[in-house]
Amino acid sequence: MTEVDIKKGLAGVVVDVTAISKVNPETNSLLYRGYPVQELAATQPFEAVAHLLWTGNLPTAAELAELRATERQHRALSPEVKAAIDILPTTAHPMDEVRTAVSVIGALDATGDVMDAAGTPEENQERAIRLWAQLPAIVAYGQRRRRGEELIAPRDDLDYSANFLWMTFGEEQHEIVVDAFNRSMTLYAEHSFNASTFTSRVIASTLSDLYSAVTGAIGALKGPLHGGANEAVLHIFDAIGSAENVTPWLDEALGAKRKIMGFGHRVYKRGDSRVPTMKAALDTLVTHYDRPEVAALYDALESEFVARKGIYPNLDYPSGPAYNLMGFDTLTFTPLFVAARVTGWTAHIMEQLASNALIRPLSEYVGPAERHIDGYVATDAELEAASREAEAE
Ligand code: CMC
């Protein structure tokens, strides 16, 4: 067999250029269109970050007002999408619900002609805004129906983040909570060629449509090695209970060679650039809700795991307990990631289409060498005899 340099998991492989974001593990930084993500999280509403990712520039006041007006027009859950969600069992994972809802939106917006599926840049920008505007209603309604609660209509007087919380909880939230939520949306919005974004680019590269690309990306994000980790972090917090149980819990988990969710990253090896900003937001929530035991458990697990393994927390580590304090159910955490990341995915889909090449890598075959059937094909009589035998057993 010829020696082929296999890059398992595409680790270290640069597959294309992008102008959307830059992850620099050496300097522990993440730039969206050149701006440090922590600056954006501290100063910008999520709507402005979405505009930046799509267009390359922060919006002017007029552009922000226009985007906000469009977002408000498309916020309400459409009756068709609600009906599609309502036929799903409440035992379905909310990521399956969100994936199905996006797929339904795509089918409702389809041209019916596969040759037009990829759409023009203008059509895709409009689709991206409409999809982004619909996702809070889908996520909020998902949590509410699992709790046996009714859908809440959006509020036109609230910005994206405040309205998202309103539609979920039916109460206006304190500005500290809205600010922490807004920051989390910005931090989750984009992260270069991660698994779900790459999935969306692979699908877009076939000249399929934006909705199919986002639907596929949601499937990739669901996995616990990717977006599903924020949900898994809360299960870990629940299992440990309190700070004094960290050592015996870690002894057992590491002894059983289990991965500790919320730690480690394919690109960052000395810490995730988004963690300090999200941890600061978590601290404001801990003070606001007066829940010091959450911070104590967070700090104890982080310091002991880093000391023992030298593996640092990723964004899912602070965002899991932050969403829990805000009142989100654990199952809703990854759908929140979808609501944020749809901005990055759609920016990448549009970038892929602007300079497309079908993504189609090679593989090294390691199966049986060429062989032949020896002319044997089962006759109908033999098949019938075999099924009678199977039925008799
Ligand atoms: N707990 C325990 N050991 C770990 C962890 C962890 N969280 N992460 C990495 N390791 C160990 C791993 O067992 C392996 O050890 P060894 O070399 O002895 O077999 C070594 O570190 C390298 O791990 P890897 O999984 O081969 O490295 P990777 O670059 O493929 O991993 C990762 C990246 C994110 C898949 C991994 O760190 C992981 O599974 N973390 C837990 C899941 C998680 O938190 N995912 C969210 C990622 S960030 C947000 C996002 O992108 O969605």
Zero-based 10 Å bins, Cα pair distances in segment 120-272, whole percents: 9, 27, 33, 24, 6, 1
Most mobile listed residue (THR332, THR90, THR199) in the chain, GNM with C-alpha springs under 10 Å: THR90
Alpha carbon Rg of segment 229-324, scaled by the compact-globule rule 2.2 N^0.38 Å: 1.00
Dipole of the chain, positive direction: furthest Cα of PRO313, MET261, VAL338, with charges on the beta-carbon: PRO313
Gaussian network model of the chain, Cα within-10 Å springs - most flexible of THR186, THR206, THR334: THR206
Interchain or long-range residues, amide H under 5 Å from SER29's placed H: ASN24
Segment 358-379 residues near the modelled ALA386 label - backbone nitrogen below 17 Å, point 7 Å along Cα→Cβ: 373-379
Å² of accessible area per residue within the chain, as computed with a 1.4 Å probe and no ligands counted: 49 Å²
Whole-percent carbon and sulfur share, accessible surface of the chain, 1.4 Å: 55 percent
Whole-Hz ³J(HN,Hα) from phi, Karplus 6.51 cos²θ - 1.76 cosθ + 1.60, for segment 238-245, glycine and proline x: 5, 5, 6, x, 8, 3, 6, 8
Segment 342-393: chymotrypsin sites (Phe, Trp or Tyr not before Pro) falling in loop per DSSP and having at most 14 other Cβ within 10 Å: TYR365, TYR376
Cβ-based charge dipole, the chain, positive-most Cα from LEU362, GLY219, SER242: SER242
Chain lengthening between SER363 and HIS93 when straightened (0.36 nm per residue, less Cα-Cα): 93.9 nm
Spatial separation of Cα centroids for segment 319-353 and segment 199-247, in angstrom: 9 Å
Computed [θ] at 222 nm, deg cm²/dmol, the chain (DSSP H ≥ 4; -39,500 (n - 2.57); rounded to nearest 500): -18500 deg cm²/dmol
Rounded to the nearest 20 debye, dipole of the chain from Cβ charges on Lys, Arg, Asp, Glu: 980 debye
Residue-wise HN-Hα coupling along segment 318-323, computed from phi with Karplus coefficients 6.51, -1.76, 1.60 (Hz; x: Gly, Pro): x, 6, x, x, 5, 5
Mean projected area (nm²) of the alpha-carbon convex hull when the chain is viewed from all directions: 26.6 nm²
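The values are calculated or read from the model by the stated rules, or taken from the named source; none is laboratory data. Keep in mind the model is a prediction, meaning the values are calculated, not measured. Every residue, glycine among them, receives a Cβ derived from its backbone with ideal geometry; neighbour counts consider all protein chains shown. The area values use the complete protein model at the heavy-atom level, side chains included, leaving out ligands, DNA and RNA. Shrake-Rupley method; radii C 1.70, N 1.55, O 1.52, S 1.80 Å.
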